[in-house]
Structures are given as structure tokens and as C-alpha cells.
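First up is the structure itself, then whatever we jot down about it.
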Amino acid sequence: MQIFSSYNVRIAESNQISRLLIDTLKLYREATNYFIERMKENWGSIFVQEMPEHKQTKAMEELCIRTKDRPDTPYDFAREFYKFPSYLRRAAISHAYGAVSSYMTRLETWTENRHGNAPGLPRAGKICPPLYRKNMFVRDKN
């Protein structure tokens, strides 16, 4: 299996393109934090450990994504993140689930043993969005 990382790759020469990438990262991390908060609020009632990815996504979208068939949801993701692409939204949901699931496991372990400090609340941190080739970038010939 090959692992790719964008951390050590020169993304762009242009300041404008670099600025756009930084803005994309910021927005993606904010969306991930949004989903982390909603997931923590609904952990145990809707979200549980070892939940299949398609069920995590479906449950979160039923909570936050308004559609013609689902006009009323407890949260309105589109109000804060208007026209956010669905593939980035689903990746953010997946990242959020991983962060909250890990936090809940560590919190449970800490509650049983009470060694050291309680685990810190999860945040998006330095995660990067998936940059799908045909949707997000065009590879330069150089």
C-alpha cells in the first residue's frame, strides 16, 4: 500500500493558488469541527463505537443536511457552510467520527483508571481534505 502526503509536496508557485489552498484547509477544518461538536452532542443516542462509515454519514446528514424531502433538521449545516461540496462534507464527517470515537474510548479508559489528566476534547487539528484529482486540482506538466 502506498501512502501519499501533501505536507512535503510543493503545491503551487503562485501566491493566489497557495492562498486558495490555505482557505480550503481552513474551511475544511472548520466543517470538521462543526461535525465533531454535533457528534459529541449525539454520542450514545445516535452515534456509537464501531459504526460502519455509511451509517455514520447517513446519520450525520439526517441531523444536519436539509433537503427537499427533509426540510427540517435539528442543525443546519448549509447556514454556516453554504454550497460545501458533498465529497468534502462526507470526508469531514468521517474525520469527525474518528476523532470523537477515539476521544470516547480514551475517556472511558481514563474514567475506569483515573491515571493522569482526562483526555482533551477532540478538534480537527492539522487534517487535510482529500484532494480528488478531477474535482480539486489539475496536475501541472512540470
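With 10 angstrom as the radius, rank 58, 68 by how many other C-beta atoms surround their C-beta, starting from the fewest. Going from sparsest to densest Cβ surroundings: 68, 58. The radius of gyration of the Cα set in segment 24-88, together with its Dmax, comes out at 11.9, 32 angstrom.
Whole-Hz Karplus values for segment 58-71 come out as 4, 4, 5, 5, 5, 7, 10, 9, 8, 9, 4, 7, 9, x Hz, taken residue by residue from phi with 6.51 cos²θ - 1.76 cosθ + 1.60 and θ = phi - 60°; glycine and proline positions read x.
Which log10 I(q)/I(0) values, to two decimals, does segment 1-125 give at q = 0.17, 0.19, 0.20 Å⁻¹ under the Debye formula with one point per Cα? Each listed q corresponds, in turn, to -0.96, -1.09, -1.15. Each other residue within a Cβ distance under 14 Å of residue 70 adds +1 if Lys or Arg and -1 if Asp or Glu, for a net charge of -2. Between residue 109 and residue 82, the modelled label-to-label distance comes to 4.4 nm, taking each label 7 Å out from Cα in the direction of the beta carbon. Each residue of segment 96-112 was assigned a 3J(HN,Hα) from its phi angle through the Karplus curve 6.51 cos²θ - 1.76 cosθ + 1.60 (θ = phi - 60°); the sequence is 4, 4, x, 5, 6, 4, 4, 4, 5, 5, 5, 5, 5, 4, 5, 4, 5 Hz, with glycine and proline shown as x. The lysine pair tally for segment 15-136, using Cα distances under 26 Å and a gap of 8 or more places or different chains, is 20. Measuring nothing but how far apart in sequence close Cα pairs (under 8 Å, 6+ apart) lie, relative to its length, segment 15-136 scores a relative contact order of 35 percent.
No lab work stands behind these numbers, since they all come straight from the coordinates. In this text, all values refer to a predicted model and were calculated from it rather than measured experimentally. FYI the Cβ positions are ideal-geometry reconstructions off the backbone, even for glycines, and counts take in every protein chain you see.
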